[in-house]
Structures are given as structure tokens and as C-alpha cells.
Amino acid sequence: MKAARIVFWSLFLPAAIVAGVLFWRHGALQRANRCLHLLTHPNAAVAGQAWWNLRELYFTKWAVYEFCLQHVGDKEEIGFLVEREKGAGRGGPEQSDFTVKGHPIYYRTDRVDCRTVGEAILAIVHSERKWKTDFEGDWPAWWEQNRGFYGKP
């Protein structure tokens with residue numbers, strides 16, 4: 001009986017660990033894919049929350065990092081407002097960062113930086129410290145140089 005338990009646990013535990021790792025990686029990509037599709041949701045609050053969730057996955061999961069960069073060229077329109085806030089960035093007071101408050105894109109603004117899914121993903125990418133230090137917080141210069149770069153094989 002003891003031998004059977006030893007054999008069972010010696011086979012079960014490694015298999016469970018391998019399955020857990022596979023499900024964990026696959027689950028992060030599934031969540032990212034779901035968030036990507038929700039960015040085009042007609043309800044701005046739902047789409048805005050999906051942007052925050054995708055942003056969190058982008059900064060915490062390597063598989064999602066690559067997944068997001070593949071979708072920078074997506075042209076589907078978004079209906080929520082991605083706002084730039086001066087001084088909110090992690091790089092210092094002169095840096096800017098993007099935020100979403102779940103407002104429709106027409107909500108009290110005369111300037112809209114992001115109109116498509118790809119541009120909303122670029123706003124997430126721009127939050128990386130590297131891009132802020134390379135361009136010293138100059139959003140238009142960063143945007144012009146990187147708009148066509150990401151998403152290309």
C-alpha cells in the first residue's frame with residue numbers, strides 16, 4: 001500500500017505542476033485576449049476597465065507583453081477616452097502618463113490622443129520607463145517614431 005502511494009504521488013505532483021504552469025500561461029493570454037476584445041465595447045466603463053486590466057497584464061506577464069505588441073496595428077475604434085495626465089508618470093513630474101476613467105470619447109475634451117485599439121495599446125506601452133527616458137517625456141516625438149514600429153514582424 002505504501003509503495004502505491006509513493007508511486008501515485010511521485011507521478012501526480014510533477015504532472016500537476018506542469019499542468020498548472022501551462023494553465024497559468026494560457027490563462028493570462030486568454031484574459032488578455034478577452035480584454036483586447038472588450039476595448040471596443042460600446043459601454044465606456046466596461047472598455048475602460050478592460051484597458052486597466054490589459055495594462056496590468058502587460059506589465060506583469062511576459063506572454064501578454066508579446067501579445068499586446070502584436071496588436072498595436074489594430075484599427076478597431078474605441079469608445080472610451082484615454083487621457084494624458086501631466087506629472088502622473090513614474091519618471092518624474094515632467095513626465096506624463098495615460099489614464100482611463102471610463103468616460104466616453106466625447107466626454108469634455110477637444111484633443112483625443114487614442115482613437116483605435118492599437119493606439120490604446122501604444123498608450124500602455126508608453127508607460128514603460130524606457131520610452132519616457134529615451135524621449136524625455138515628449139509624447140508627440142515618441143508617438144511619431146513608434147506608431148509604425150510596433151506590431152511589425
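The values are calculated or read from the model by the stated rules, or taken from the named source; none is laboratory data. In this text the structure is predicted, and so the values were computed from the model without any measurement. Positions of Cβ are backbone-derived with ideal geometry, glycine not excepted, and every protein chain shown enters the neighbour counts.
Any chance you could count how many residues in region 101-124 are of a type in the set (Lys, Arg) and at pLDDT 80 or above?
2
Please indicate, with yes or no, whether at least one residue in region 8-26 is of a type in the set (Lys, Arg), part of a helix (DSSP H, G or I) and exposed (fewer than 10 other Cβ atoms within 10 Å of the Cβ).
Checked region 8-26: no residue is of a type in the set (Lys, Arg), part of a helix (DSSP H, G or I) and exposed (fewer than 10 other Cβ atoms within 10 Å of the Cβ).
Filter region 34-67 down to the residues that are hydroxyl-bearing (Ser, Thr, Tyr), surrounded by 14 or more Cβ atoms within 10 Å (Cβ to Cβ) and not in a loop (DSSP other than H, G, I, E, B) and list them by number.
Listed by number, the residues that qualify are Tyr58, Tyr65.
Restricting attention to region 31-88, which residues are touching a His at 6+ places or on another chain (Cβ under 8 Å) and among the polar types (S, T, N, Q)?
Those that are touching a His at 6+ places or on another chain (Cβ under 8 Å) and among the polar types (S, T, N, Q): none in region 31-88.
Can you go through Asn43, Asn33, Asn53 and tell me which one is in contact with a helix residue (DSSP H, G or I) (Cβ under 7 Å, 6 or more places away or on another chain) and within 23 Å of Val82 (Cα to Cα)?
Testing whether each residue is in contact with a helix residue (DSSP H, G or I) (Cβ under 7 Å, 6 or more places away or on another chain) and within 23 Å of Val82 (Cα to Cα) leaves just Asn53.
Which one of the conditions (1) on the phi < 0 side of the Ramachandran plot; (2) modelled with pLDDT under 75 does Gly92 fail to meet, given that it meets all the rest?
All conditions pass for Gly92, except number (1).
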